[in-house]
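The structure under discussion appears below in the form of structure tokens.
The values are calculated or read from the model by the stated rules, or taken from the named source; none is laboratory data. Model, not experiment: these values are computed from the prediction. Here the Cβ positions follow ideal geometry from the backbone for every residue, glycine too, while neighbour counts run over all protein chains shown. Calculation scope for accessible area: heavy atoms of the full protein, side chains included, ligands and nucleic acids excluded. Shrake-Rupley method; radii C 1.70, N 1.55, O 1.52, S 1.80 Å.
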Amino acid sequence: MTARTGLYIGLMSGTSLDGVDGVLARFGEAGALQVLAHAARPFDPAFKAELLALNTPGPDELHRAALAANGLARRYAQAVQDLLQAAGLRPDEIVAIGAHGQTVRHRPGEFDGTGYTIQLFQPSLLAELSGIAVVADFRSRDVAAGGQGAAPEGNGHGRLLHSPALSRATC
């Protein structure tokens, strides 16, 4: 795989369910990284409660999960707007957005030997709302390959934070 330079946005909503965090970064030659802007948008209490409820089986959960995925994409789009505005950039200046969505069930390696991971997200809606290409579903690919669904984070952090002068732990 070859490194690509340019402007990228990364979005995450973690298991704390506190909201969306985003970063706009420029990847340069030889792995150089420059953070240009960051943003955080909290989840309102009703949305947080719905995501938490979807962590366990319940009535009409497929319908509710689909609507929550749309809601998450809209919240991600707001974070993207915040980042673009803070940096004074247009959507056509960004190479891609990377986002895996909100994990609601994670059971890699279980049941049939492969297991599963479920992230609520509607990347196509985010692409439409932001006007930027979206890369998604990293966790499912890693689980399908026998992993735990977290390979992109540790590997990327290790490359970006490596220093011959310092010892650093990454996860």
DSSP bridge pairs, the range 1-116: antiparallel proportion in percent, nearest 5: 80 percent
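Using a 1.4 Å probe over the heavy atoms of the protein chains, calculate the carbon and sulfur portion of the accessible area of the range 33-157 as a whole percent. Show your work: numbers first, answer last.
Numbers: 3710 of 6760 Å².
C and S atoms contribute 55 percent here.
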Most fluctuating residue given options Asp18, Asp82, Asp60, as computed from a GNM of the chain linking Cα atoms under 10 Å: Asp60
Per residue, in Å², the accessible surface of the range 1-118 once ligands and nucleic acids are set aside, probe 1.4 Å: 56 Å²
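Between Val135 and Phe47, what length in nm is gained on full extension when 0.36 nm per residue of separation is reduced by their alpha carbon distance?
Working: separation 88, 0.36 × 88 = 31.68 nm, distance 2.38 nm.
Difference between extended and current length: 29.3 nm.
Figure the gain on full extension for Ala96 and Gln34 (residue separation times 0.36 nm, minus the Cα-Cα span) and round it to one decimal in nm. Write out the running numbers ahead of the final one.
Values: separation 62, 0.36 × 62 = 22.32 nm, distance 1.58 nm.
Contour length minus the Cα-Cα distance gives 20.7 nm.
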For Gly149, distant residues with modelled amide H under 5 Å away: Val143
Label-to-label distance, nm, for residues given as Thr56 and Arg74 (7 Å Cα→Cβ offset): 2.7 nm
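Among 88-100, 125-137, how do they line up by average Cβ neighbours within 10 Å per residue, starting with the highest? Write down the numbers at each step before the final one.
Working: 88-100: 16.7, 125-137: 18.5.
Order by mean packing, descending: 125-137, 88-100.
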For Rg and Dmax of the Cα atoms in Å, calculated from these coordinates, the label among [x] 16.8, 54; [y] 17.2, 51; [z] 18.8, 65: [x]
Distant-in-sequence amide H partners of Val135 (H built 1.01 Å from N, under 5 Å): Ile97, Gly98, Ala99
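So between Gln148 and Ser16, what do we pick up on full extension, going 0.36 nm a residue minus the alpha carbon distance?
Values: separation 132, 0.36 × 132 = 47.52 nm, distance 1.91 nm.
Extra length from Gln148 to Ser16 when fully extended: 45.6 nm.
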